[in-house]
Amino acid sequence: MLLLFRHAALKDAEACAEIYRPYVEKTSVTFEYTPPDQTEIARRMDCCTPTFPWIVAQAGEKVIGYAYGSPQNIREAYQWNVDLAIYLHEEARGRGIGRLLYGCLLELLTMQGYYRAIGIVTHPNPGSEALHRAMGFVPVARWEKAGYKLGKWHDVQWFQKQIAPYPAHPRPPVPVTQLDARQVQELFERYAAQVQM
């Protein structure tokens, strides 16, 4: 089956909402209590893009995962940092797709001019913690009993990764829409080609 990585479009909001739903309903991976619907996911996508990437993995006609970046903080001095998120359809887990989707996202963010990527992980979450460590992230902080969900308190751990050298005088990151479209497409194709379906 053909797998491709691409920029998300608003038409993908329904698929993204369905992928995200079990994480909200059944896990503490996210601290939301109520699954957002298609309209709310579309609103979130619209807020992220065109500044940050929101990318999807698609197998055949079906979106099986997505990942995106968002502001780490709204104050200007933080503008070179970016928060990350990734969610996969249950059938897509354990096949290396998440790692490749995350890697693709990190390369896009590096091309844009970001220097530090941050993953916020509910602790314990062995799968996500292992993914971040395998990709060169290091744990930098843990907030004990940060949130209450599914009948218990959960800690939250922050992972960070420097994704580019820090210049003495950084330029503001560019919106993802201003990247060279050919280079971005080549990046998508290179990562998608590594997936074993």
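The values are calculated or read from the model by the stated rules, or taken from the named source; none is laboratory data. Computed from a predicted model, the values in this text were never measured in an experiment. Here Cβ is always computed from backbone atoms with ideal geometry, including for glycine, and neighbour counts include all displayed protein chains. Side chains are part of the model used for accessible areas, which takes the heavy atoms of the whole protein and leaves out ligands, DNA and RNA. Shrake-Rupley method; radii C 1.70, N 1.55, O 1.52, S 1.80 Å.
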Quiz item: Ranked from the most accessible area to the least, with a 1.4 Å probe and all protein chains present, what is the order of Trp54, Trp158?
Solution: Trp158, Trp54
Quiz item: Is the shape of the chain rounded, prolate or oblate, going by the alpha carbon gyration tensor and its root eigenvalues a ≥ b ≥ c, with a/c under 1.5 for rounded and a/b larger than b/c for prolate?
Solution: rounded
Practice problem: Quick one: net charge around Glu186, please, counting Lys, Arg +1 and Asp, Glu -1 for every other residue with C-beta under 11 Å from its C-beta. | Solution: -1
Quiz item: Looking at region 2-84, which GluC sites (Glu not before Pro) are DSSP coil and have at most 10 other C-beta atoms within 10 Å of their C-beta?
Solution: Glu61
Quiz item: What does the accessible area of His132 come to, in Å² to the nearest 10, when a probe of 1.4 Å is used?
Solution: 10
Quiz prompt | From phi via Karplus (6.51, -1.76, 1.60), per-residue ³J(HN,Hα) for region 109-118 in Hz, x at Gly/Pro | solution = 5, 5, 4, 6, x, 8, 10, 9, 10, 10
Self-check item: Highest-fluctuation residue, Thr49, Thr177, Thr122 considered, GNM on the chain with Cα pairs under 10 Å
Solution: Thr177
Quiz prompt | Residue order for Phe31, Phe5 - accessible surface, 1.4 angstrom probe, largest first | solution = Phe31, Phe5
Quiz prompt | Those lysines that a straight Cα-Cα span of less than 21 Å connects to Lys149, excepting residues fewer than 8 apart in one chain | solution = Lys26
Exercise. Can you tell me how much longer the chain between Glu76 and Leu150 gets when fully stretched, taken as 0.36 nm per residue apart minus their C-alpha distance, in nm with one decimal?
Key: 23.0 nm
Self-check item: For the chain: relative contact order, % (alpha-carbon pairs under 8 angstrom, 6 or more apart)
Solution: 23
Quiz item: So what does Asp37 come to for accessible area, using a 1.4 Å probe and Å² rounded to 10?
Solution: 80
Self-check item: In nm, spacing of pseudo-spin labels at Gln185 and Glu14 (7 Å Cα→C-beta vector)
Solution: 2.7
Practice problem: Take Leu88, Leu150 and sort them by solvent-accessible surface of the protein heavy atoms, 1.4 Å probe, largest at the top. | Solution: Leu150, Leu88
